[in-house]
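Asker: One structure, pasted below without further comment.
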Amino acid sequence: MASTGTSTLEDLPWDIGFLDTAEEPQKPGMVPPPPGEESQTVILPPGWQSYLSPQGRRYYVNTTTNETTWERPSSSPGIPASPGSHRSSLPPAVNGYHASGTPAHPPETAHMSVRKSTGDSQNLGSSSPSKKQSKENTITINCVTFPHPDTMPEQQLLKPTEWSYCDYFWADKKDPQGNGTVAGFELLLQKQLKGKQMQKEMSEFIRERIKIEEDYAKNLAKLSQNSLASQEEGSLGEAWAQVKKSLADEAEVHLKFSAKLHSEVEKPLMNFRENFKKDMKKCDHHIADLRKQLASRYASVEKARKALTERQRDLEMKTQQLEIKLSNKTEEDIKKARRKSTQAGDDLMRCVDLYNQAQSKWFEEMVTTTLELERLEVERVEMIRQHLCQYTQLRHETDMFNQSTVEPVDQLLRKVDPAKDRELWVREHKTGSIRPVDMEI
């Protein structure tokens, strides 16, 4: 969105020139002057315009101060302005009526003051015999208003030095699986939910690893109690006994490894995943509610715009009838039509203001929430990285402990001496050293 070079929300302009896309109607009773009437007179001073009342009488309006007068204002600096008795001394008008409720302009016409979101004037509550094409400054896509690319300068990024989520996901994207569209925030949310799923699968992987370690430890412990080759004697028998004992020691190492995997890797991953899931739901519901509210406000604007068009058309028709045939009934009808047209213009402005407020709120929450998604994503990735590092550290420790269980076996195997074993066995089990001789006759 728009930026002033910083990411501070308070500095971000987001009021929408919503009415700039509308066509600007002319003032009621604004008809071309009779041939030759204005062409032979001097040009009006800056800010003044002339109009004809339905009765054909010319009056003048200062579009800056909303002053009205029957007298032509002078463009010569030395000539005083028209007498004050002929000018309206009422305060500036809003939609054709002063604060007191009286018409802002001469009784024959209720000239509407013009409002535009850019500060220029626009006639919302008047009839429009011939509408002027206005320059479009904004476009609305899926109820969100963007600056028109042909009329607005390029916006600065909120975080120009980073590929931040808050800068690149404002528009909707066509759904590759269908004909609909996916909101930019929905894409971000899907990425985060995919990350949550990956974290869940990592937890399941570690759980399977733990199960393997536990089963392996149980099998090692069971094997260490096996009596096979238990009758081996000598130094080799001692080495064999140590081999079986090392299996029991190794089983204990793997049991400790599996317990640490559960407490230091799997459990933290699961706990973080649950908290991450809650945060994602909170973000999803909040932004979705704001987007629904924005769509509702936009629908109200369109409804009010349609109502204004109908009121303008009705006022235009009654104005034409008044010009054709003057009657008290027609005058009452046109006054009523003007009041309804004025009210329709006010309703449209109110709906646009509410829409702008809703979009501004949505914009601010989008920036805040996308930055929060960035923070949560960094936190998730960093947390997983740390616990996988813990996993590898435990593996190294397990390997070291396993190595320590094998070292006594290595030492005894280096001491295996068949000759010495034979000596010891012979000493223990000898039956006599005198050898037999030949028999004599």
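Asker: Kindly indicate whether R380 is of a type in the set (D, E, K, R), part of a helix (DSSP H, G or I) and within 23 Å of the chain's Cα centre (by Cα).
Answerer: The answer is yes for R380.
Asker: On the given criteria, is M270 over 30 Å from E213 (Cβ atoms) and aliphatic (A, V, I, L, M)?
Answerer: Details: over 30 Å from E213 (Cβ atoms): no; aliphatic (A, V, I, L, M): yes.
So M270 does not fit the description; no.
Asker: If you go through the range 344-357 one residue at a time, do you hit one that is more than 29 Å from the chain's Cα centre (by Cα) and open to solvent by 70 Å² or more (accessible area, probe 1.4 Å)?
Answerer: As a first pass, look at the range 344-357 and keep what is more than 29 Å from the chain's Cα centre (by Cα): 344-347.
Now drop any that are not open to solvent by 70 Å² or more (accessible area, probe 1.4 Å), which leaves none.
Looking for residues that are more than 29 Å from the chain's Cα centre (by Cα) and open to solvent by 70 Å² or more (accessible area, probe 1.4 Å), one finds none in the range 344-357, hence no.
Asker: Taking the conditions exactly as written (more than 30 Å from E204 (Cα to Cα), without any contact (Cβ under 8 Å) to a residue 24 or more places away in the chain and part of a helix (DSSP H, G or I)), does E316 satisfy them or not? Let's see the steps before the verdict.
Answerer: Values: more than 30 Å from E204 (Cα to Cα): yes; without any contact (Cβ under 8 Å) to a residue 24 or more places away in the chain: no; part of a helix (DSSP H, G or I): yes.
No.
Asker: Of the residues in the range 174-223, how many are surrounded by fewer than 18 Cβ atoms within 10 Å (Cβ to Cβ) and aromatic (F, W, Y)?
Answerer: Qualifying residue count for the region: 2.
Asker: On to the next question. Considering the range 390-441 alone, what residues qualify as being aliphatic (A, V, I, L, M), farther than 30 Å from E233 by Cβ and either open to solvent by 100 Å² or more (accessible area, probe 1.4 Å) or in a loop (DSSP other than H, G, I, E, B) (or both)?
Answerer: Here is the first cut: in the range 390-441, the ones aliphatic (A, V, I, L, M) are 394, 400, 406, 409, 412-413, 416, 419, 424, 426, 434, 437, 439, 441.
Those still in the list that are farther than 30 Å from E233 by Cβ too: 394, 400, 437, 439, 441.
Listed by number, the residues that qualify are M400, V437, M439, I441.
Asker: Let me ask another. Quick test for you: out of T140, T161, pick the one residue that is within 23 Å of T369 (Cα to Cα), of a type in the set (S, T, Y) and assigned to a loop (DSSP other than H, G, I, E, B). It would help to see each step written out before you state the result.
Answerer: On the way: T140 fails: assigned to a loop (DSSP other than H, G, I, E, B).
Every option except T161 fails the conditions.
Asker: Moving on. Could you count how many residues in the range 218-265 are part of a helix (DSSP H, G or I) and touching a Phe, Trp or Tyr at 6+ places or on another chain (Cβ under 9 Å)? Even if it seems obvious, please write down each step before you answer.
Answerer: Filtering the range 218-265 for residues part of a helix (DSSP H, G or I) gives 218-224, 234-265.
Add one more test, that the residue is touching a Phe, Trp or Tyr at 6+ places or on another chain (Cβ under 9 Å), and what stays is 234, 249-254, 256-258, 261, 264-265.
Residues that pass the stated criteria total 13.
The values are calculated or read from the model by the stated rules, or taken from the named source; none is laboratory data. Computed from a predicted model, the values in this text were never measured in an experiment. Note that we place each Cβ from the backbone using ideal geometry, even for glycine, and neighbour counts take in every protein chain shown. Note: areas computed on protein heavy atoms with side chains; ligands, DNA, RNA excluded. Shrake-Rupley method; radii C 1.70, N 1.55, O 1.52, S 1.80 Å.
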